[in-house]
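Readers should treat all values here as calculations from the given coordinates under stated rules, not as data from a laboratory. As the structure is a prediction and not an experimental result, all values here were calculated from the model. Positions of Cβ are generated from backbone atoms using ideal geometry, with glycine treated the same way; all protein chains shown enter the neighbour counts.
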Amino acid sequence: EAGVVQSPRYKIIEKKQPVAFWCNPISGHNTLYWYLQNLGQGPELLIRYENEEAVDDSQLPKDRFSAERLKGVDSTLKIQPAELGDSAVYLCASSEPGGPLHFGNGTRLTVT
Amino acid sequence: AQSVTQPDIHITVSEGASLELRCNYSYGATPYLFWYVQSPGQGLQLLLKYFSGDTLVQGIKGFEAEFKRSQSSFNLRKPSVHWSDAAEYFCAVGAGGYNKLIFGAGTRLAVHP
């Protein structure tokens, strides 16, 4: 079984530039999560999707962050414009309803 | 509000020694508790979980954890550590299962040969 696939693995951008991260969940997993992991910290939930519906986006900074999950499969997380403080690892996870999360390897973002 | 505290930022043990990683949580109701492990450059892998029932839970890779309501703790243990256990370990609490996990800051484990 293929795991959660994220791309790119690494991204370096200058501040004020836009950036996008992509996630392909495990086949059949209806629930998809985006987590933010700052250096030396545990992950923090940004947004949770049930199929194509964002059911919990209370922690997503909506002034600069946006996400979509068209067709209820792949998802994209976007930051525009990026700030220095956005440097972190962005983790995607997926699960069956009520089941354990399976995490991807993350995208490490560096904003210079 | 829910929160998780992992008091130890770094722990170093010798290979073959026993291990205990501490986790304290704050939650108003019966918590759902988890331990995850993260190797460098990797995502998080679930080691074990507690939802209800027996307070001593077994997980993968020889790990176990004990839920102590009176101490608001969910400490992770392993009787004999292997060099491959070197990683970062995260304790998490969830409201109603997996949907919204609150993670601790993690404990980085180093294993000496």
About its Cα centre, chain B carries a charge dipole, from +1 on Lys and Arg Cβ atoms and -1 on Asp and Glu Cβ atoms, whose size in debye to the nearest 20 is 240 debye
Express the C-alpha Rg of chain A as a ratio against the empirical globular expectation 2.2 N^0.38 Å, rounded to two decimals. 0.99
Given charges at Cβ of Lys, Arg, Asp, Glu: the range A:5-112 dipole, positive-most of A:76, A:112, A:5: A:112
Kirkwood Rh over alpha-carbon pairs of the protein assembly as shown, then Stokes-Einstein at 20 °C and 1.002 mPa s: what D in µm² s⁻¹, rounded to an integer? 118 µm²/s
How many Cβ atoms of partner chains, on average, are near each residue of A:36-47 if near means within 10 Å of its Cβ? 4
Work through the residues other than residue B:66 whose Cβ is under 15 Å from its Cβ and net out their charges, Lys, Arg +1 and Asp, Glu -1. +3
Rounded to two decimals, the Debye log10 I(q)/I(0) of the range B:1-96 (Cα scatterers, no solvent) at q = 0.11, 0.18, 0.24, 0.25 Å⁻¹ is -0.30, -0.81, -1.38, -1.47
Enter the Cα centre distance for the pair the range A:52-112 and the range B:53-91, rounded to the nearest angstrom. 29 Å
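Could you give the length gained on full extension between residue A:58 and residue A:110, defined as 0.36 nm per residue of separation minus the Cα-Cα distance, in nm? List each step's numbers first, then the result.
On the way: separation 52, 0.36 × 52 = 18.72 nm, distance 2.43 nm.
Additional length available on full extension: 16.3 nm.
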Net charge near residue A:72, counting Lys/Arg +1 and Asp/Glu -1 over other residues with Cβ under 12 Å of its Cβ? -3
Go through B:49/B:78; B:49/B:100; B:61/B:100; A:11/A:71; A:16/A:78 and tell me which ones have a Cα-Cα distance over 18 Å in this structure. B:61/B:100; A:11/A:71
Surrounding net charge for residue B:83, when Lys and Arg each add one and Asp and Glu each subtract one, Cβ distance under 14 Å: 0
Debye, to nearest 20: dipole size of the range B:66-113, +1 on Lys, Arg Cβ, -1 on Asp, Glu Cβ: 160 debye
For the range A:67-72, 3J(HN,Hα) per residue [Karplus equation, 6.51 cos²θ - 1.76 cosθ + 1.60, θ = phi - 60°, Hz, x = Gly/Pro]: 9, 8, 9, 5, 6, x
